[in-house]
Amino acid sequence: MNASEQALQQIKRALKKVVSKYPAEVENLPLTDLYLQVKQESGELLIFNDDDTELTRCVVEEWIGNTDEHFYEEVQPVLKQCVADMKTDFEHMGILKPFSILLTDEEKETLADLYYVDDDTIVLDGELMQGLDDDLERFWEELMKR
């Protein structure tokens, strides 16, 4: 799914509203992740914190009434692009690290990790522990040979 410049601006505007709600100068940083929920029927993008408090919402007109069964897979690159473009803003947010930005469905089930950051690690794409099972299996096999 290719997003128009207007759609990207709408998403980034919503993300900037969230960033502004967590200024870096706060003494007691909250511990939370951010949850982006996209409603396929209405085209809404809602952003929540861990307490299910709605931080902001916007309507992406291109998404209204989209009935594609692969909709959630197709919006992921668009959302990742917006997050990547605002990487510096997220790194300086007033949220206790580590934190994640996740894509969820309407039942609040996690569909994708869009962004993960802590003081030493930043993951903008893919899974943090991708391939860990294979590495551990190889390690175990090598250990058992001895």
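As a summary of the residue check, residue 54 satisfies the conditions (1) closer than 15 Å to residue 104 by Cβ; (2) modelled with pLDDT under 95 except for the one numbered (2). Within segment 70-91, residues that are under 14 Å from residue 40 (Cα atoms) sit with their Cβ atoms under 8 Å from residues that are in a helix (DSSP H, G or I) and not β-branched (Val, Ile, Thr), at 6+ positions apart or across chains, in these pairs: 71/63; 75/63.
Among the residues of segment 81-96, the ones that are more than 17 Å from residue 48 (Cα to Cα) and in contact with a strand residue (DSSP E or B) (Cβ under 7 Å, 6 or more places away or on another chain) come to 1 in all.
Based on this model, can you work out whether residue 70 counts as surrounded by fewer than 16 Cβ atoms within 10 Å (Cβ to Cβ), over 15 Å from the mean Cα position of the chain (by Cα) and closer than 19 Å to residue 17 by Cα? Talk me through it step by step, then tell me what you get.
Working: surrounded by fewer than 16 Cβ atoms within 10 Å (Cβ to Cβ): yes; over 15 Å from the mean Cα position of the chain (by Cα): yes; closer than 19 Å to residue 17 by Cα: no.
When the stated conditions are applied, residue 70 does not pass them.
Exactly one residue among 36, 29, 15, 8 is within 21 Å of residue 88 (Cα to Cα), in a strand (DSSP E or B), of a type outside the set (Ser, Thr, Tyr) and touching a residue at least 60 places away in the same chain (Cβ under 8 Å), and that residue is 36.
Can you tell me which residues in segment 1-49 are surrounded by fewer than 16 Cβ atoms within 10 Å (Cβ to Cβ), within 17 Å of the chain's Cα centre (by Cα) and over 20 Å from residue 59 (Cβ atoms)? Across segment 1-49, the qualifying residue is only 31.
The values are calculated or read from the model by the stated rules, or taken from the named source; none is laboratory data. Remember, predicted model here, so these are calculated numbers, not experimental data. Ideal geometry is used to build each Cβ from the backbone, glycine not excepted, and the neighbour counts take in all protein chains shown.
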